[in-house]
Amino acid sequence: MKKLFGLVLAGAMVLSARVEASNGDQYAGYGTQAMGMGGASIANPTDSTAAINNPAGMGAVGTRVDGSLMATAGQLRSNVHGSKNSDDVLVFLPGFGVNYQYSQDITLGLAVSGYGAGVDYGKPIPAFGTSNVKSTLAQMLISPTATYEFAPGHYFGLSVKLGYESLMLNGLENFGATNDTDHALGVGVGVGYLGTVAPGLRVGVTYSSPVWFQKLDAHEDIIPDGRLNAPQQAGAGLAYDMGDWTFAFDYVWINWASQKTFSNSLTQGGAPGAGNGPGFGWRDQNIFRFGVNYTVNERLQVRTGLSLANHQVPDGEATLIAVAPCNQPKSAHLGLTYQVNDDIEVTGAYMYDFRHITKGTGASEGTEAGGELHMLAVGVGYKF
């Protein structure tokens with residue numbers, strides 16, 4: 001069953017050799033229209049990928065199907081005790097959502113989202129090992145979602161998150177890692193509320209549990225408890241329609257500190273692979289997303305936004321950032337949607353992750369890594 005489900009999910013990831021993200025292993029925005037507004041979407045659902053941001057949002061988008069393809073390009077660099085490395089990034093990530101208005105009060109849908117990070121330097125880092133350094137963490141979540149409109153304009157949503165995870169590590173022999181790849185399945189839940197509380201004003205609230213993955217047996221001697229779970233997170237949003245304008249704001253909390261592999265310090269003190277063993281040393285993130293959409297005419301909408309967050313990697317925990325340089329948590333966004341006809345719309349979005357270099361201090365002195373990324377997405381939506 002694990003292998004069969006893994007093959008199904010791997011098919012959705014076939015275009016991405018690895019994933020590059022902004023907030024830890026997550027993107028600033030999911031869904032092409034949301035991406036154009038800085039990710040602000042908890043109270044502003046626009047398509048059938050809304051379940052990724054707030055399950056309740058599916059109740060407001062009707063019957064439709066959406067697909068997208070995002071390209072990420074840029075350069076990641078690191079310097080580990082004088083060993084300078086670079087990775088020119090070019091990866092592709094598909095996205096998909098579908099929603100069905102089952103009855104006046106109930107919708108049934110499904111959304112697919114990808115998460116992850118990785119590098120391929122093509123050479124060893126002597127402080128890490130003797131093999132070429134290459135790492136890939138890829139997670140894919142399929143989220144069947146149902147919503148119920150319990151009062152006019154007020155929706156409750158529930159998602160079951162079915163996950164597939166792949167972790168490949170190479171060139172980390174000095175930390176006790178074997179050059180191997182392993183896979184795991186996981187499950188979690190997400191809930192949300194979306195409601196119109198005043199003319200033009202919407203409020204959204206959402207919570208996602210951790211996605212609990214199986215043990216990664218090939219890496220149980222290096223990562224705490226052998227598990228790499230996705231963290232719990234919560235968020236709240238506001239959206240306000242004023243004529244042709246829509247303004248949206250989100251706050252999102254990602255609880256990296258609840259997962260040992262992410263939160264344990266590299267100098268934690270326990271043996272590698274133990275619950276108190278070394279990890280990445282990440283801290284929680286607080287993310288603020290702002291977006292605005294303007295309807296130019298009945299065919300064209302344009303939008304922009306910002307996503308701002310604290311860095312989840314403290315300078316004193318930068319030793320392993322060279323193999324997971326997910327530290328560009330501030331981004332600027334642009335987007336537009338063109339309504340081809342009553343049924344079909346085409347959306348484009350651009351996201352720029354501002355350049356940031358983390359420089360290690362204390363036990364991480366002598367290590368620095370970071371870079372900048374450009375992301376371009378194209379999506380097509382079909383309304384039934």
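Taken together, the values in this text are just the output of simple stated rules run on the coordinates, not laboratory data. All values derive from a computational prediction rather than experimental measurement. Virtual Cβ from ideal backbone geometry, glycine too; neighbours counted across all protein chains shown.
Helix 2-12 versus the longest principal axis of the chain: what is the Cα-based angle in degrees, 0 to 90, to the nearest 10? Here the helix axis deviates by roughly 60 degrees. Rounded to the nearest 20, the Cβ-based charge dipole of the chain about its Cα centre (Lys and Arg +1, Asp and Glu -1) stands at 100 debye.
Ranked by the mean number of other Cβ atoms within 10 Å of their residues, highest first, the peptides 271-281, 332-342 come out as 271-281, 332-342. For residue 378 and residue 308, the FRET efficiency from 1/(1 + (r/R0)^6), where r spans their Cβ atoms and R0 equals 35 Å, is about 0.85. Rg/Rh for the range 2-383 stands at 0.98; both radii use Cα atoms, and Rh follows the Kirkwood definition.
In order along the range 285-302, the Karplus-derived 3J(HN,Hα) couplings, from 6.51 cos²θ - 1.76 cosθ + 1.60 at θ = phi - 60°, round to 10, 10, 10, 10, 10, 10, x, 9, 10, 10, 8, 5, 7, 5, 9, 10, 10, 10 Hz, and Gly and Pro are given as x. Subtracting the Cα-Cα distance of residue 71 and residue 86 from 0.36 nm times their residue separation leaves 3.5 nm of extension gain. If the chain linking residue 284 and residue 104 were pulled fully straight, counting 0.36 nm for each residue of separation and taking away their Cα-Cα distance, it would gain 60.8 nm.
Per the Debye calculation on the range 260-318 with a single equal scatterer at every Cα and no solvent contribution, log₁₀ I(q)/I(0) for q = 0.18 Å⁻¹ amounts to -0.69. Per residue, the chain reaches -1500 deg cm²/dmol at 222 nm when only DSSP H runs of four or more residues are counted, each adding -39500 (n - 2.57). A Förster radius of 30 Å, combined with the Cβ-Cβ distance separating residue 253 from residue 148, puts the computed FRET efficiency at roughly 0.70. Potential lengthening of the chain between residue 338 and residue 350 amounts to 2.8 nm, from the contour at 0.36 nm per residue minus the alpha-carbon distance.
GNM on the chain, alpha-carbon springs under 10 angstrom: the most fluctuating residue among 48, 307, 364 is 364. In terms of packing, defined here as the mean over residues of other Cβ atoms within 10 angstrom, the peptides 192-199, 374-381 line up highest first as 374-381, 192-199.
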